[in-house]
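Undergrad: Please see the structure below; I have some questions.
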Amino acid sequence: MRLPAGGLLVLWCDGEGLIERTALKGFNLGRSLGGGADLIELFDSEGRLLDQIEYGPQVPDRSIGWTGGRWELLLEVSPGAVNSQGSPLGVATDLRINEWRGGGDGDDWLELFNLGDLPVSLRGLYLSDDPSLAGKIKHQIAPLSFVDSKAWVLFQADGEPQRGADHLSFKLDAQGETLRLYSTRLNVIDEIQLALTESGVGSVGRLPDGGLRLVSFASTERTPAGPNFQSVPGLQINEVLAYALPPLEPAIEIYNHSGNRIDLSGWMLGWSATSLDQFRVPAGTMIQPGAFHVLYEGEWDGGSGEMLDLLRIGESEAVYLSEIDSEGNATGRRAVMPVDKSSVGQSVGSIGAGSNIEYGRLFQPTFGASVPDSVEVFRMGLGVINSLPWVGPVVVNEIFYDGERAVNGGGASLDRFEYVALFNRSSDAVELSVSSDSEIGWRLAGGIDYTFQGDVALRAGGEIVLVNFDPSLDLSQKRAFQEAFALPSDALLVGPFMGRLGNDGDRLRLQRLDRLPSVANPNEGDLVWLEEDRVDYRTESPWPNILPEPNQALSRVDLEAYGNDPANWNYADARPGHSGGPAGPTVGDPMITGIELGDGKITLRVSIEAGRRYRVEYATNIDDAAWTELTMISGEGAALEIVDRTVSGEKRFYRIVGE
C-alpha cells in the first residue's frame, strides 16, 4: 500500500482482538501498548529504523502526539485526524509520594499521587533513596511521562531502569530509608524520612491519599496505582447488578458480617477510582449485625434515573463505599469490590469466604425478591446470601502443564507438549467461532492465549483440545501427540496457543464475546469479552499438592461446579479428546449438587450414598470451629432436597458429614 503525502494511517494496538470485529478502519498490530512505559519503532521493508518514540507512564484514555513542533499530551484523542492542541498541565508541587512497598526482594515499588485538578508532566523530575548531594539525581523520570488529576502513577523499584521508563534505578531498603521527589531544579517536592515496610505488612502510605498521616496497609489493602484505604471491619460490598431491564434495575448490596451495627449515613459511593463521591448514602441507613442493605437505582437522584449513565459499573474496575467522619470528610476507610463484566440482568458478587474470597459472575441475582413482577416489588428485597457462581456452557476440563516431568508408558519424554481441554457441558452445540459473524467468538486468555478462528462448533458433550503447536501444519507433532496420549481419531485439536503454562501455577480465563450497554455507544453498545470459566491453579494447598504421576493431568472433578474451586480439581490420567467429561467424585462421597434461594428459605439438593446416614451442618463463617446441625438424612439411592427455614439474613455455609 502507499501512504500519500500528508496522509494518515491508523495502526490499532488491540491485544483484545476486538478492533477487527468492528467497522473501524486501519490495521491491528495484535498487541496492546503498555500504559506504564513502552518503545515504538518504525522500520522499512529492509529493516532500517525510520523513527521511534519512547514514553513513560500515561494518562488513561488520553493520547500523546506531535503538535506545535514537539510531542505533548493532547487535549483530545483523534485517530485518523489532525492532532489537537496540547493539554493544559498542572504543577509538579501537587505531587506526593503516596504509597510504597520495600524489602529489596525484587517486588519493591512506589507510587506518586497528584493532588491537583490537572494532569502533571513528570518529565525531568528526580526520585531518589539517597539524601546526599550526589544522590539527588539518582533517577530522572523519562520524557513523555504523565499522571492524571487526582490519580496515581506506579514505579517499580527493582534497580533495573533498562526495563522501561516505569522502572527505577534503585531498590527500597528493607531497613527503611529516605525517599525524596525533586523538581527539575533539584528542589524537594516531597520527602518520606523513613520509608520502612515491616515484615507482614502489605505496604505503607498516606491516608487519605496525599494526606499527612502515614499508615501500614494489610496485604489485602495494598493498592499500587489505586486509592489508598483501610478496610472497615466486617463490612463488604457483596453483590452488584450493573446492567438491568425491568422488572430489575441496577442495585448494590452491602453486607455487615461484624458483630456491631454500622451506620452508613452520608457515606460516599463511587464506581471510579478518581471519583469516589458519586452518591451519598441516605441519612439513617443502618445495617444490623449479620444483615444486608440494598441500594437501588430508584433511590438515586430522586429516582429520576439520571444516575444510570454514571452507574456503568461494568465499564469500571471496582465499586467503592467510603466512610466519612462527623464533618463529612473521607476517613480513608472503605469497602471495595472488584467488578467483572456481566450480561444484562446478571449480577456479580462475592464467591467464597475469609482469605479465599473472590468476585465474579453469579448464577442469578439475589437481592431478596427472587422473581419480581415489577420494579417496585424488586425494590422490596432486603438482600440475601449470594447464589452459586456462574458456570458457563463450555468449561476448562483438563490441564496438562508440566511436560518436562512427563513420560509416556514407553518412557519417551512429553516435554514438547502442553494442552488445555475444553468441554461442552450443555445440551446444545456451542459455536466457538463463525467466520461470517465477527460477533460470535470464544478465546482462552491469561497465562496462555488462543482465540478461535474460522468456523468452529463444539457439539454437546464434546471436547476440544488446545495445544502448543499447529496441528494443521506440524503433522509430525500431531502424530506424536496422538500416539503419546492415545488420542481418539475424531478428537478436535486446535493451536498453537501463545505462551506456556506455568509449572508452579497459572491463570486461565475462558471468555465469550458479548455486546453490552455503553455510555459512549448507547445505540449499539460495546463488544466485550465475558468470562465463562476461570481457573487459577497452583501446586500448593489448598490445590492438590501431590507430585503427579508422569502421565497425569490436572482434571476437573465436577462439570457443574465452580472452576476456580481447588476442591474441584485432582490429578488423573491424561485423557485429551476423550468426550464424556470427568469421572466425577468417588461413589459414596456426599455432594451438594444445587441450591435454590427465595421466600425466606434455602433449598439444597444433595446426592448421597444409599443406606448411609449423614449430618447436614451450617455455619455463618467457614472458618468456625463449631458447626450447627440442621438435620440428619439417610441415603435412599436418589437425590434429596433439604429445606433450611432458619435463615435470618446472614451469610451461610453448608457441609455434609457421614456418620
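Undergrad: Could we say that Leu245 is at pLDDT below 90, in a loop (DSSP other than H, G, I, E, B), under 22 Å from Leu295 (Cα atoms) and open to solvent by 40 Å² or more (accessible area, probe 1.4 Å) here?
TA: When the stated conditions are applied, Leu245 passes them.
Undergrad: A further question on this structure: Residues of segment 110-135 being surrounded by 18 or more Cβ atoms within 10 Å (Cβ to Cβ) and either part of a loop (DSSP other than H, G, I, E, B) or charged (D, E, K, R) (or both), which ones?
TA: Correct list: Glu111, Gly116, Pro119, Leu122, Leu125, Asp129.
Undergrad: Just checking, does segment 538-547 include any residue being closer than 23 Å to Leu362 by Cα and either touching a residue at least 24 places away in the same chain (Cβ under 8 Å) or aromatic (Phe, Trp, Tyr) (or both)?
TA: yes
Undergrad: How many residues are of a type in the set (S, T, N, Q), open to solvent by 30 Å² or more (accessible area, probe 1.4 Å) and either assigned to a strand (DSSP E or B) or touching a helix residue (DSSP H, G or I) at 6+ places or on another chain (Cβ under 7 Å) (or both) when one looks only at segment 201-232?
TA: Residues meeting the conditions: 2.
Undergrad: What do you reckon, is Gly86 in contact (Cβ under 8 Å) with a residue 24 or more places away in the chain, closer than 16 Å to Leu122 by Cβ and surrounded by 15 or more Cβ atoms within 10 Å (Cβ to Cβ)?
TA: no
Undergrad: Same structure again: Which one is modelled with the lowest pLDDT, of the residues in segment 506-555 that are touching a Lys or Arg at 6+ places or on another chain (Cβ under 6 Å) and in a loop (DSSP other than H, G, I, E, B)?
TA: This residue is Val519.
Undergrad: Of all residues in segment 465-480, count the ones that are under 24 Å from Val430 (Cβ atoms) and in contact (Cβ under 8 Å) with a residue 60 or more places away in the chain.
TA: Here the count works out to 1.
Undergrad: Do you know which residues across segment 319-344 are part of a loop (DSSP other than H, G, I, E, B), farther than 13 Å from Val240 by Cβ and not hydroxyl-bearing (Ser, Thr, Tyr)?
TA: Within segment 319-344, Asp325, Glu327, Gly328, Asn329, Val344 meet the criteria.
Undergrad: Looking only at segment 431-459, filter to residues that are more than 25 Å from the chain's Cα centre (by Cα) and open to solvent by less than 40 Å² (accessible area, probe 1.4 Å); which one of those is nearest to Arg556 (Cα to Cα)?
TA: Leu458
Undergrad: Does at least one position in segment 628-640 carry a residue that is open to solvent by less than 50 Å² (accessible area, probe 1.4 Å), touching a Pro at 6+ places or on another chain (Cβ under 7 Å) and modelled with pLDDT of 70 or more?
TA: no
Undergrad: When you scan segment 185-200, do you find a residue that is open to solvent by 70 Å² or more (accessible area, probe 1.4 Å), at pLDDT 90 or above, in contact with a strand residue (DSSP E or B) (Cβ under 7 Å, 6 or more places away or on another chain) and not in a loop (DSSP other than H, G, I, E, B), even just one?
TA: Within segment 185-200 (the criterion being open to solvent by 70 Å² or more (accessible area, probe 1.4 Å), at pLDDT 90 or above, in contact with a strand residue (DSSP E or B) (Cβ under 7 Å, 6 or more places away or on another chain) and not in a loop (DSSP other than H, G, I, E, B)), the answer is yes, since at least one residue qualifies.
Undergrad: Quick check on segment 36-51. Is at least one of its residues over 27 Å from the mean Cα position of the chain (by Cα), hydrophobic (A, V, I, L, M, F, W, C) and within 29 Å of Arg443 (Cα to Cα)?
TA: For segment 36-51, residues over 27 Å from the mean Cα position of the chain (by Cα), hydrophobic (A, V, I, L, M, F, W, C) and within 29 Å of Arg443 (Cα to Cα): present.
The values are calculated or read from the model by the stated rules, or taken from the named source; none is laboratory data. None of the values given here were measured: they were computed from a predicted structure. Quick reminder, even Gly has a Cβ in these numbers, built from the backbone with ideal geometry, and neighbours come from all protein chains shown. The area values use the complete protein model at the heavy-atom level, side chains included, leaving out ligands, DNA and RNA. Shrake-Rupley method; radii C 1.70, N 1.55, O 1.52, S 1.80 Å.
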